[in-house]
Amino acid sequence: TTTAAAAAGAKKTTFNPRDFGAKGDGAADDYAAIHAAAAAATLEARRGAGGYATLEFTQGSYRIGSGTGRGVDTGGLQLTDAQNLAVLFHSGAELLIDNLDQRSLGSQGHGVLISGNSSNITLQGVSVRWKVQPSGRSQGDGIRVLGVANVRTGGGPSNISIIDGQVVGAAQAGVIFMGVQDIIVRNLTVRDTLADGLHLNACRRITVDRLTSINTGD
């Protein structure tokens, strides 16, 4: 039928890591599936002529496993040059960070990393939890938004919102913005981190509403 044909040809605008092989069971390493889903959502958002794509995490514990060799500025969920994208965590969904270097018990990456010329990104209900807290502070923020050295010159992430977020047990800061402009943080809870609950460096136009930090470093 015409309706069925239209539905079959409709653009997919919501992407779920489970469709890319994620298990969400807290045991399997969902790193590759999450990155594949994020890449697909980012590409669709770029094609969307001003529309949004959604990266959706349904209930489950999405484990980021060890031994992936990601380096310092990488993330379990990584968004680079992403635009017009919503990341939605349903109730009971979390990123479970299990990427400790067993020799030093240091973290090998961040929970969420947003970088490059990313803009109009909303993180809704995002929950990031370290399975085992590192024994000492290391490179591993719950959510890291990495911008440019001089935000006044333009470039770097802009229009970034974190709504109803939670970070637990991070190796460094709960949430950090560096060189970012037009930030909204609303109803963020950070617990048991080894650095600041919320850290802002060289940022412009910031709105923070309802921040709770419990047992955070620095």
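No value in this document is a laboratory result; all are computed from the given coordinates. Keep in mind it's a predicted model, so treat the numbers as computed, not measured. Here the Cβ is made from the backbone with ideal geometry for all residues, glycine too, and neighbour counts use every protein chain on show.
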On the principal axes of its Cα set, how long, how wide and how thick is region 117-218? Give whole Å, largest value first. 39, 24, 19
Quick one: Karplus J couplings for region 78-93, per residue in order, coefficients 6.51, -1.76, 1.60, θ = phi - 60°, nearest Hz, x for Gly and Pro? 10, 10, 10, 6, 8, 9, 6, 10, 10, 10, 10, 9, 6, 4, x, 9
Taking amide hydrogens as modeled 1.01 Å from N in the peptide plane, which residues meet the under 5 Å criterion relative to LEU79, leaving out close sequence neighbours? LEU113, ILE114, SER115
Once amide H atoms are built 1.01 Å from N in the peptide plane, which residues 5 or more positions from ASP182, or in another chain, come under 5 Å H to H? ASN159, ARG204, ARG205
Spin-label pair ASP192/ALA28, simplified geometry with 7 Å Cα→Cβ offset, distance in nm: 2.7
Alpha-carbon spread of region 173-218, three principal axes, descending order, Å: 27, 19, 10
